[in-house]
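S.K.: Pasting a structure here, questions to come.
Please treat every number below as a calculation from the coordinates, not as lab data. No experiment lies behind these values; they were computed from the predicted model shown. Methodologically, a virtual Cβ is constructed for each residue, glycine included, from the backbone with ideal geometry; neighbour enumeration extends over all protein chains shown.
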Amino acid sequence: MTATPTSRPGTRAPAPMVPPTRAARAAAGTADYLDQRTGIGLAVKGLARKLFPEHWSFMLGEIALYSFITLLLSGVFLTMFFVPSMNEVHYTGPWTALQGTQMSEAYASTLRLSFEVRGGLLMRQIHHWAALIFMAAIITHMMRVFFTGAFRKPREINWVIGFTLMVLGLAAGFSGYSLPDDVLSGNGLRITDGLMRGIPIIGTYASYFLFGGEFPGQDLIPRLFTVHVLLVPGLILALVGLHLAFVFLHKHTQFPGSGRSNTNVVGFPLFPVYVAKAGGFFFVVFGVIALMAGTMQINPVWNYGPYDPSPVSAGSQPDWYMLFLDGALRLMPGQVEWVIGTFTVPLNVLIPGMVVPGVLLGGLALYPFIEAYASGDRREHHVLDRPRNVPFRTAVGVSVLTAFLVLVLAGSNDLVATRFHLSINSITWVLRFALFVAPAIAFVLTKRICLALARRDREIVLHGHESARIVRFASGEYLEVHTPLDEHERWIRVQHDPVRPLEIAPAEDSRGVRRRGYAKDRRRQRLSRLFFEDRVEPVTPAELAAAQSHGAHDELPTSPGPDQLTGAVTGGDSPRTLGLDGATGARER
Amino acid sequence: MTSIEKHQSPVHTGTGEGLPERFDDPGLPPHEPRRGDLDPAADKTSERIVLALFGLSTLGTIGFLVAYFALPTGQDAATIQRSNMALGLALACALLGIGAAAIHWAKSIMNNHERVEDRHSVASSPEVREAAVANLVAGAQDSGISRRGLLKSALVGSLALFPLTIVVPLVGEVGENWDVASFKRTLWRKGLRLTTDPSGRPIKAADVTVGSIWHVIPEGLEEAPHPLDEKAKAVVIVMRLDQADLVEAPERRDWSHEGIVAYSKICTHVGCPVALYEKDSHHLLCPCHQSTFDVADGCRVVFGPAKRPLPQLPITVDDEGYLVAQSDFTEPIGPSFWDRLR
């Protein structure tokens, strides 16, 4: 089966007309049968050798997909034993600590899954770990797409689909987390009830809608079960299909590099390279999740006890992807609960519970459209941005992530307090300010770092690498030899298109008549300047020529080419370096 | 949007005349062969590694089956953990073996020459678009919809209305009786005894010592039609404070009994049970979002995201010295909602 080094393209034997072995004949027969009924030959012809570019960060989305498949596999196992019912029973199983305790059938069946079904606990833990990894992979994948500008035309719709998948992932995680009907998840539901009640006018009805009457009621677990095993996974499956179909249709983006352009794809064929790599990677993701499930306990509901509205444990936290919401609830001061007339508007709940996630998620969903409006760019983009070359976007991304992290930290403020022996009140106050200050600092810092990196790129292109070799001239002057870049090194630093702010027509035409729509254009231009005013443009050939012509940059007049120069420099002291024109010296600009 | 144009003129016009505005793509860098491409022995080693990894996977599967049959889940935490860890490690072996083998095969043995394919614009060609529009126009003409306005309205109208057949019963039934006013009532009523949670034992005022906290449910909670729903509203905490420490509003003077006060356990923020009591400072802390209430001062909020004090349950003692409620809460318990004051 393995290919030897001699079986490279070009040396492939011509395909024989009659398949030589029985297995090959059977395969050919099956293929013929299928093709005559489905015309699948066309799809195989088009897709089998389709190229995909390679980069480690392209695997983040794969992790999301494979952890989702792991979720489906382990989830089906769990449904065989889980009973989605809130009927009260008395526990009679092997877990002695809860003998005789009254609990819902959902909780009792979760205990049975954990203690009596062999492999049941492993499947539960695989399911839960996979859910955490699923969300983590989705969010890091989104970060990759965001920071490299992979959401630009023609992929805006796929960004929105991906965004919807993330929201569905949250819904799947939340509904599943609540199913065991233990104290911890029950308190999470109680918080949900509190959030929903706070909505003006319809709040109490929304709560009744979800719980089928008063909290906790009799209906919630069966309802969440349907949401968790049918509605949400069905939608996720459909959208994942669409998401991947778009990836095939658009062909995958690629990182910039020599030979990679907007009009080509450079990579390896789906069959066999990515069948093996991606297929293998599924097993790696599943394997790592199995390793975690076998060795790291997660959600030991038997220690928490069945749901009861009275008890709660200190240090209780939701799963990580909900921490930011819980953190926002914790940070909000209570003073903003307003009473207008006889109506209560609990802004202390509505702002963190609805406005914060609304702004965060809404901004995320709309970002590609906002940026496209600001740039006025209607071209297709298939080569990714290096984050340094789009300082504003990169800074916005880091700033939002910083706010997210502050909220996550706020969601753990009690644990921080107990672990580090700090006052919970001081931590909360520090984080209240940090929520506004930290993202601002992160924005400025990130933008500065991006601009500095881009300037550094220009400098290297213009002046070459420092070689750490100092040469002294007869005049006594010292000079460090700089090595010019080879064309591949240079290309990565100069390939990007500079994006400049929009120019608009003046307010008045040549006859002094004010034109309509000027105010709107002005606003758009201001937005555009906000995005693109601060930038470092790539070096042009003319600039490079200019930099070299004034002789300041170790240009070796006798140097026949960069390759030999590199050889000379890395090869130690070469006599040719003495031919340097030392009159002007090498200075940074 | 013709009034907005891209600024196209290059900002930097260098000294070099006749040079292009941009650098040219130098094209793909030369392919670098792997060790296995040059050395047949290294290639053979790679093949052996792949074989060994597939072998490891098979061993993992066998190990999983052995662990499944040999290790019962048993009765205690230790045996369950043993079974879980053995199954998990074996499964990880089985899966990681396959994964690592396939990836190593791809990286070390499969052809690793990068290939180049052209991209084409996503949009259809103008001819295709024209044909598509023509098809739609022809279809619309065939249907006759453009000439029959009433038909169009009827179609839209009936399509818009029919979902009501699903939505109306759904909304009608999904909230059961829709009696949202029940948020404002709890089981507490005049003379109902305070009992311990969860045993349901009545509490003698004399047993409540200074500094202690009692988790309380109303007597007869288990007989209610939906005990959990009622418990979710009626849970109360009872504490006795030194009467010198207690600050009471004039109208609530008789709501306590010799320094014993009863407050709703449900946080006025989003409804977590407020369960952490610090007896020295008389502070009650909600463990979910850290709203802090001062029991000595009418459970006023001293920190955190809650705005309102915890509602107080007026209590007294009956003839036998047991704590009883004077009435239900005088305001709705728990989180705020739109018409809680109405």
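S.K.: Computed FRET efficiency, Cβ-Cβ of A:Phe343 and B:Ala249, R0 22 Å: what is it to the nearest 0.05?
M.R.: 0.35
S.K.: Which of B:Leu194, B:Gly175, B:His215 sits farthest toward the positive end of the charge dipole of the range B:174-216, with +1 on the Cβ of Lys and Arg and -1 on the Cβ of Asp and Glu?
M.R.: So the residue we want is B:Leu194.
S.K.: Can you tell me the length gained on complete extension of the stretch A:Met80 to A:Ala24, counting 0.36 nm per residue apart and subtracting the Cα distance?
M.R.: Taking A:Met80 through A:Ala24 to full extension adds about 16.2 nm, to one decimal.
S.K.: Quick one: which of A:484-493, A:364-373, A:131-140 comes out on top by average Cβ neighbours within 10 Å, and what's the full order, highest first?
M.R.: So the order, starting with the most tightly packed, is A:131-140, A:484-493, A:364-373.
S.K.: Per-residue mean of other chain beta-carbon atoms within 10 angstrom of the beta-carbon, peptide B:97-110?
M.R.: Mean partner-chain Cβ count within 10 Å for B:97-110: 6.
S.K.: Efficiency by 1/(1 + (r/R0)^6): what FRET value for B:Ala132 and A:Leu42, r their Cβ-Cβ distance, R0 = 22 Å, to the nearest 0.05?
M.R.: 0.55
S.K.: Further question: Near A:Val349, within a Cβ-to-Cβ distance under 15 Å, what is the net charge of the other residues, with Lys and Arg +1 and Asp and Glu -1?
M.R.: Net of charged neighbours comes to +3.
S.K.: Step through the table entries A:Lys251/B:Lys44; B:Lys231/B:Lys279; B:Lys190/B:Lys265, compare each Cα-Cα distance with 23 Å, and write down the pairs that go over it. Intermediate values should be presented prior to the final figure.
M.R.: Numbers: A:Lys251/B:Lys44 35 Å; B:Lys231/B:Lys279 25 Å; B:Lys190/B:Lys265 19 Å.
Pairs exceeding the cut-off: A:Lys251/B:Lys44; B:Lys231/B:Lys279.
S.K.: So, one more: Rounded, prolate or oblate: which fits the protein assembly as shown, taking a ≥ b ≥ c as square roots of the Cα gyration tensor eigenvalues, rounded meaning a/c under 1.5, else prolate when a/b beats b/c? Walk me through the intermediate numbers first.
M.R.: Numbers: a/c = 1.85, a/b = 1.60, b/c = 1.15.
Prolate shape, in that a/c is at least 1.5 and a/b is the bigger ratio.
S.K.: So, one more: With θ set to phi - 60°, apply the Karplus curve 6.51 cos²θ - 1.76 cosθ + 1.60 along the range A:225-231 and write out the HN-Hα couplings as whole Hz, x wherever there is a Gly or Pro.
M.R.: Whole-Hz 3J(HN,Hα) from phi for the range A:225-231: 4, 4, 4, 6, 9, 10, 4.
S.K.: Further question on the same structure: Enumerate the aspartates and glutamates that B:Lys184 could reach by cross-link, defined here as Cα to Cα under 12 Å, with residues fewer than 8 away along the same chain left out.
M.R.: Leaving aside aspartates and glutamates fewer than 8 places away in the same chain, those within reach of B:Lys184 are A:Glu214, B:Glu230, B:Asp328, B:Glu331, B:Asp339.
S.K.: Along the three principal axes, how long is the range A:81-179 when you take its alpha carbons, biggest first, rounded to the nearest angstrom?
M.R.: On the principal axes, the range A:81-179 reaches 61, 24, 18 Å in Cα extent.
S.K.: Given axes a ≥ b ≥ c from the Cα gyration tensor, I'd like to know whether chain B is rounded (a/c under 1.5), prolate (a/b larger than b/c) or oblate.
M.R.: prolate
S.K.: Looking only at other chains, what is the average number of their beta-carbon atoms within 10 angstrom of each beta-carbon in A:174-187? Mind showing how you got there, number by number?
M.R.: Numbers: counts 0, 0, 0, 0, 0, 0, 0, 0, 0, 1, 0, 0, 2, 6.
The mean count of partner-chain Cβ atoms within 10 Å per residue comes to 1.
S.K.: Antiparallel DSSP bridges in the range B:184-325: what percent, to the nearest 5? Before the final figure, lay out the partial values.
M.R.: On the way: 30 of 31 bridges.
Percentage antiparallel, nearest 5: 95.
S.K.: Going through the range A:365-427, which trypsin sites (Lys or Arg not before Pro) have at most 15 other Cβ atoms within 10 Å and a DSSP loop state?
M.R.: When the trypsin sites (Lys or Arg not before Pro) of the range A:365-427 are filtered for loop state and at most 15 Cβ neighbours within 10 Å, A:Arg378, A:Arg379 remain.
S.K.: Distance in nm between label sites at A:Leu239 and A:His421, each 7 Å beyond Cα in the beta-carbon direction?
M.R.: 4.7 nm
S.K.: If we restrict to alpha carbons, what Rg and Dmax does the range A:144-286 come to, in Å?
M.R.: Cα-based Rg and Dmax for the range A:144-286 come out at 21.2, 64 Å.
S.K.: Using the Karplus equation 6.51 cos²θ - 1.76 cosθ + 1.60 (θ = phi - 60°), what ³J(HN,Hα) coupling, rounded to whole Hz, does each residue of the range B:195-208 give in order, writing x for Gly and Pro?
M.R.: 10, 6, 9, x, 6, x, 7, x, 10, 7, 4, 5, 7, 7
S.K.: Karplus couplings for the range A:249-254 from phi (6.51 cos²θ - 1.76 cosθ + 1.60, θ = phi - 60°), rounded to Hz, Gly and Pro as x?
M.R.: 5, 7, 6, 5, 5, 9
S.K.: In chain A, with Lys and Arg counted as +1 and Asp and Glu as -1 at Cβ, which of these residues, A:Pro391, A:Leu195, A:Met332, has the Cα nearest the positive end of the dipole, that is, farthest along it?
M.R.: A:Pro391
S.K.: Starting from the 7 Å offset along Cα-to-Cβ, what nm value, one decimal, do you get for the label separation of A:Ile157 and A:Val437?
M.R.: It works out to 4.7 nm between the two label points.
S.K.: Given axes a ≥ b ≥ c from the Cα gyration tensor, I'd like to know whether the range B:184-325 is rounded (a/c under 1.5), prolate (a/b larger than b/c) or oblate.
M.R.: oblate
S.K.: Let me ask something additional. With r as the distance between the Cβ atoms of A:Arg515 and B:Lys107 and R0 = 51 Å, compute the FRET efficiency 1/(1 + (r/R0)^6) and round to 0.05. Let's see the in-between values first.
M.R.: Values: r = 61 Å, r/R0 = 1.20.
It comes to 0.25.
S.K.: Per DSSP H run of at least 4 residues, take -39500 (n - 2.57); add these up for chain A, divide by its residues and hand me the 222 nm value, nearest 500 deg cm²/dmol.
M.R.: Working: 22 runs with 326 residues, N = 589.
For chain A, the value works out to -18000 deg cm²/dmol.
S.K.: What is the local net charge at B:Asp297, summed over the other residues whose Cβ is closer than 13 Å to its Cβ (Lys, Arg +1; Asp, Glu -1)? Please report the intermediate quantities before stating the final value.
M.R.: Numbers: positive: B:Arg252, B:Arg300; negative: B:Asp245, B:Glu248, B:Asp294.
Combined, the nearby Lys, Arg, Asp and Glu give -1.
S.K.: Any idea how far apart A:Asn303 and B:Val156 come out in nm if each label point goes 7 Å out from Cα toward Cβ?
M.R.: Each label point lies 7 Å from its Cα, and together they span 6.1 nm.
S.K.: Moving to a separate point now. Using only the alpha-carbon atoms, how far is helix A:183-197 inclined from the longest principal axis of chain A? Give it as 0 to 90 degrees, nearest 10.
M.R.: For A:183-197 against chain A, the angle is about 80 degrees.
S.K.: Please get the size of the charge dipole for the protein assembly as shown, origin at its Cα centre, with Cβ charges of +1 on Lys and Arg and -1 on Asp and Glu, quoted in debye to the nearest 20.
M.R.: Here the protein assembly as shown has a charge dipole of around 2200 debye.
S.K.: When you look at the Cβ of every residue in A:446-457, what mean number of other chain Cβ atoms sits within 10 Å?
M.R.: 0
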